[in-house]
1. Please state the relative contact order of the range A:490-646 as a whole percent: Cα pairs under 8 Å, 6+ residues apart?
2. Could you pull the Rg and Dmax for chain A, using just the Cα atoms, both in Å?
3. Taking the alpha-carbon distance from A:K92 and a cut-off under 19 Å, which lysines remain once sequence neighbours fewer than 8 residues away in the same chain are dropped?
4. Spin-label point model (7 Å from Cα, Cβ direction): what's the A:F159 to A:N477 distance in nm?
5. Given the rule -39500 (n - 2.57) for each run of at least 4 DSSP H residues, summed and divided by the residues of chain A, what is its mean residue ellipticity at 222 nm, to the nearest 500 deg cm²/dmol?
6. Mind checking which helices in chain A clear 20 Å along their axis (Cα) and have mean Kyte-Doolittle hydropathy of -0.5 or more, DSSP H runs only?
7. Find the centroid of the Cα atoms in the range B:104-129 and in the range B:185-220, then give the distance between the two in whole Å.
8. Angle check, please: helix B:118-128 long axis (alpha carbons) against the longest principal axis of chain B (alpha carbons), in degrees 0 to 90, nearest 10.
Amino acid sequence: MRVSEYLILTLALVLAVAAVTSVGFFANRVERAMQAQAATLLAADAIVSSPQQITAEVRDTALQNSLSITDVIEFPSVVLNDDGDTALVSVKAVGDAYPLRGELRLSRQLYGVDRGVIGGPPAGEVWIDPRLAGVLSVTPGDELALGDLQVVVNEFIAFEPDRGGDVFQMAPRLMMSASDLPVSGLLGEGSRARYKMLIAGESRDLDNFAGWLDQLGDASLQLQNVEQGRPRVQSALLNVRRFLGLAAAVAVLLSGAAVALAARQIAERDMDTSALLRAFGASSQSVIRIVLIRLAAIALVASLVGSAVGFLAQFGLSALLAQWFAAELPAPSMLPLVGGISCALLALGGFCLPAIAKSADAPVVRVLRRDLPVARPSTWLVIGSALMAMLVLLTWLTRDIKLGLALVAGLITVVGVLWLVSRALVALAGRAQAPRLRRALEGIRRRPNSVSLQISAFSVGLLALLLLAIVRTDVLNTWQRQIPDNAPNYFLVNIQPEEVEQVQSLLAQRGVEGESLHPMVRGRLEAINDRRIGEGGYSDERARRMSERDFNLSYHLLPRDDNTVVDGQWWPADTTENQFSVEQDFAEEVGINLGDELHFRIADKQVSGTVSNLREVQWESFAVNFFVVGTPVALSGHPASFVTSVFIDDPDGVFVRDVVSQFPGVTVLDVGTMLERITGILDRAALAVQYVFGFTLVAGILVLIAAVLASRRERFQEAAILRTLGASRRYLAGSVSREFILIGTLAGLMASSIAAVLAWVIVERVMSLQYEFNLTLWIGGILVGIAGIWSAGTVATLPVLRQSPMAVIRNQV
Amino acid sequence: MNTIQASGLTKRVVTAEGELVILDEVDIALSAGEAVAVVGPSGSGKSTLLALLAGLDSASDGQIELLGSQLHALDEDGRAAVRAGQVGFVFQSFQLLPGLTALENVMLPLELAGIGQARDRAAEQLASVGLASRQKHLPSQLSGGEQQRVAVARAFVTNPKVLFADEPTGNLDQNTGDTIVELMFGMRASLGCALVLVTHDQRLAARCDRVVTMAEGRLL
Ligand SMILES: Nc1ncnc2c1ncn2[C@@H]1O[C@H](COP(=O)(O)OP(=O)(O)O)[C@@H](O)[C@H]1O
Ligand SMILES: [Mg+2]
């Protein structure tokens, strides 16, 4: 008999460990991939950058710290071909050791086979972006004039590791040797170059160097490391990891509940043995020791088995999220095992020790009076120790005590609400008058707390799964459906000023008339009023990053129909002043107010102007929009490219081919593909979280079985009496089935309905979309509730059906 | 036709020390309405015999006919069907369903036998054991004597043809036990049902038509 309680205890621990380690192993692989990938994205382990030449002192210190270094200097310039055609290029002068991490890939022929190389171009030679080859019609061996130099084009750049994901990159790349720079005459006074020193080495040496740099206190020197260089997909992945951790934590919480239930049963039985042992003179310590040794053995077995299951399960997670990663993920380290074992100990300690400890000091008089009420540990002690365990676990999973506390509070709220709703449902059902369901209702009435626990434990997992299913299908679909049919499906970027008219006529041929091409000027916000950007005062990391990086400005004279001025006035058509219009959310985030003076650096010039209005933008319209728009007076004199978004029905890709062949410098972005990719990523993320919530559902089933086992003695007695009075086995099976079908209906109803309400809140309130109730999913949820609880309940009560009526005579249940 | 007709009843159980014969070639018969007391020392096999006669367990050997059905040829469900509505039980430890009220406990055999108007009949029966005011009480809210009275009401509510009682006063004090005995014998008399009564109590045994004694699994 007792075997089944220990089995449940062990299974629950296995499940908790498996949930935690599957996420742990997966996160570990992702982290290792990120480390490796992020380093190649910087082409280094860290970068020191400065608007001025990096001093010898800085270089020497880096070398003294046994770090390898190399130079990268970036600046815009113009090149000329033999025919006198010019093109704006984004020059990158690199040292011999470039790139320190990752590799540069080159091809001899335009779009030919590429190969990896380490080291930049030799002196006198340049490597160029294929786009530039199109613009200037150069082939390998051709010469270009670059400043005072004549350079030979030898290779095309197929892949540049530290290029970044900037699709709006204005000018094509031209890579030259840093050793050519001094004689090129390109870097005169006031030139807008960015000097970078790439660094690579051991992390201890890097830390030492970073410490020294910090001490130096030179504000013009910025150190960028792998962490900060993390692209956005990876930070999204970090969030997914948080959700995965949360899902695992919920599984641990439920497993903990199963552990607690099983432990209580074990403790109550042990109490008799313990009382007997103590009546014969054993000390309570020696009794406790026996119990602890047994639990330690269980913890060990559960950790090993659980970790193995977790290790296998992480393959599923990695497969689900595979498309997030460019390359195969590296193998995990064994570090998550420590987490798994700690988790088992924690769950065991937090959820089971109070009950077990209590059994050891069972009153010895129980030997004489078995009907004495069993001593149970105080409920507060049990709950308190469980909460402590959860707090430790969540803090460890999220590496953040504040978040841990918030999550524990959140869990208490969710579980509390579910518990209250189930309790209300049970009370309501208990009052129902249905003759056929009488025995089922009676079961619910008799054990309201146990049934509420079963309902809430099962519905936590079900609720999460349903909600994610709704998000995956309905929310993403709704979002896509509500994009108007004629919303732009192509973005054309990098249109050069002289191409504007031709592009417009090409568009007109395709039936797109009057679509404006928006000028785009790249600039960096240097100061707001007298406050320089980067001087701190940003509470929000995102705001700081947004204001620090280069972004795109546009200009137009007349207000646009699809933008609404929400504060201030649009400028008059005859304005001769430098004025700016700022998107309201951006303004709020970066801290820009109406009337502020903004100072931009555009190429090598400074442009200042007043914020005369704030705009509201309909981003979801997929029209081209800008955070900051200026008056033509302010911005039209600077190098610009043009951008537009159009709707063109082009299933055969003819339009795209036309654009690419006529305008090699123009980039066509397919919105549909981008959307698909975004929704695909979201879908996968939700699926991965759902996957981990699968553990929660299983844990819910374990809680149910543990709760049913706790009532087993009663059920055996009932079955024996009913058999004696002439009940058939079918009758017993029928009444057990009805009971669990009823409980399953309540759980399914609750999970489905709460999921629907939450989905409504998400869709209508948070996303401001139109919510459509999904009846199939609602009914599906109820059916899953019924099927899950019915089958688990039936399995747990099977032995009861085999109960012989002899028990009423032998009194042996 | 006899209410019970058993011959060569044998029950063997397998224990750690090997096979144990706990009932050895017992022959016994009860005519309709007859009351038989089974007495004997503890462990002599009285309860085992009662269980076999009532079809609660299956015999290892021998034949039992209960109310015209050959129990030895039936499986557990078949035997249960014979019991339903025709056989009443009173046990030493009451054996009420803890989750049901007194009234619901009494209704149970009626429902299992598919007899109508269960509620009214049960209420009447409960009143006849003096518990009319305790209908809604759960067993845990009743004293031992009251629980046994509910059990007696439950045993008789279907007008059974035979009643099995295994030491019905064993858990009760003298006075309370006497009350239960009076109730039981009173109801049996008015219904005219047969009775198999296992007891230690010689006074109780003396009230039956016949007394048989068991020792070491045999009828003396
Ligand atoms: N399933 C069993 N396994 C082993 N021994 C049993 C079993 N059932 C009954 N016995 C033994 O059979 C003997 C008769 O038991 P029982 O019929 O309960 O006696 P009584 O009711 O006369 O006290 C006892 O010694 C008892 O221990
Ligand atoms: Mg007995």
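1. Answer for the range A:490-646 is 37 percent.
2. For chain A, the Cα radius of gyration and maximum Cα-Cα distance read 34.2, 111 Å.
3. Those lysines meeting the cut-off are A:K196.
4. 3.8 nm
5. So the calculated ellipticity at 222 nm is -18000 deg cm²/dmol.
6. Working: long enough: A:2-42 (59 Å, 1.06); A:232-279 (67 Å, 0.75); A:284-320 (51 Å, 1.69); A:335-360 (35 Å, 1.63); A:379-398 (28 Å, 1.90); A:401-431 (44 Å, 1.83); A:448-470 (31 Å, 1.74); A:671-710 (57 Å, 1.64); A:729-760 (45 Å, 1.00); A:775-801 (37 Å, 1.73).
For chain A, where a helix must reach 20 Å along its axis and average at least -0.5, the hits are A:2-42, A:232-279, A:284-320, A:335-360, A:379-398, A:401-431, A:448-470, A:671-710, A:729-760, A:775-801.
7. The distance from the Cα centre of the range B:104-129 to that of the range B:185-220 comes to 26 Å.
8. It is inclined by approximately 90 degrees.
Read-outs: derived from the displayed coordinates by stated rules, not from any lab. Bear in mind that the values here come from a model prediction, so they are computed numbers and not experimental data. Neighbour counts run over all protein chains shown; Cβ positions are idealised from the backbone, glycine included.
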